[in-house]
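The values are calculated or read from the model by the stated rules, or taken from the named source; none is laboratory data. Because the structure is a prediction, the values reported are computed rather than measured. Cβ coordinates were reconstructed from backbone atoms using ideal geometry, including for glycine residues, and neighbour counts include every protein chain displayed. To get the accessible areas, we keep the full protein, side chains included, count just its heavy atoms, and leave off ligands, DNA and RNA. Shrake-Rupley method; radii C 1.70, N 1.55, O 1.52, S 1.80 Å.
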Amino acid sequence: MRSVVSYALIAIVGGFVGATVSKSDDIYQRVVSHFSAEPTDPDGFWSTPAVDGYGKIHYESDAAFKPVVGLSNKVVFQITKSEGDMRRPNLGLERVARVVNLYIASGVPADQLHFVVSVTGDATPAMLDNAHFQQFYKADNPNLALIGELNKLGVKVSVCDQSVAFHHFPKDWIDQSVIHALSSPTTVSTLENQGYAFLQM
């Protein structure tokens with residue numbers, strides 16, 4: 001009798017475990033498919049209100065700590081990295097464009113933005129003119145259109161001439177839309193002493 005009860009209990013437990021494993025596998029598959037699926041956003045969810053086609057934002061009008069009209073709005077951005085595919089715009093420059101878009105969307109006029117970008121280190125090749133960029137990367141420089149859009153809004157994009165020298169780039173290889181600065185550290189420190197906020201991008 002005891003063996004019959006034991007077998008019955010084993011069968012019940014085995015069925016329960018099997019069902020649980022089967023259920024767990026189903027849950028696992030649903031979780032995996034949720035995170036592996038490309039997310040879709042509704043039309044108009046992202047926008048680029050100022051820097052056309054760059055630095056997309058999702059603007060929330062009731063969010064806290066928004067930029068304020070009438071403040072100094074002075075920011076120096078430092079970009080030191082080259083992330084991802086060189087044939088795509090530098091992600092640091094994209095982040096600068098995002099900040100510009102957020103300020104403009106918050107109601108700060110472009111002529112009240114006092115933004116300076118300081119490019120150095122591994123990001124320096126992004127400042128090459130198109131001919132020399134093509135020589136190194138076999139593609140047009142994807143950063144030049146973005147720099148042009150930033151310049152239109154009064155954003156000054158500069159390059160560290162110390163980094164230019166360390167890369168062994170002649171000065172005239174740098175695109176004419178970019179300002180030559182003595183160095184990135186002195187650009188940042190000089191502007192911070194003039195009341196600019198510092199953002200590492």
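Here are a few things to note about the model shown:
- Highest-first arrangement of 115-125, 88-98, where packing means the average Cβ count within 10 Å: 115-125, 88-98
- Nearest-0.05 FRET efficiency for residue 138 and residue 43, computed from C-beta distance (R0 41 Å): 0.70
- For residue 157, the amide hydrogen comes within under 5 Å of the amide hydrogens of 117, 179, counting only partners 5 or more places away or on other chains and with H modelled in the peptide plane.
- Per residue, the solvent-accessible area of segment 132-201 (1.4 Å probe, heavy atoms of protein chains only, all protein chains present) comes to 55 Å².
- With all pairs of separate Cα atoms included, segment 122-190 yields a Kirkwood hydrodynamic radius of 12.3 Å.
- Among the protein heavy atoms of segment 137-201, carbon and sulfur supply 57% of the accessible surface, probe 1.4 Å, non-protein parts ignored.
- Its Cα gyration tensor gives segment 59-201 an equivalent ellipsoid. The semi-axes, each the square root of 5 times an eigenvalue, are 27, 17, 12 Å from largest down.
- Listed values for segment 175-182 are Karplus-derived 3J(HN,Hα) couplings in whole Hz (6.51 cos²θ - 1.76 cosθ + 1.60, θ = phi - 60°), namely 4, 5, 7, 10, 8, 7, 10, 3, and x replaces Gly and Pro.
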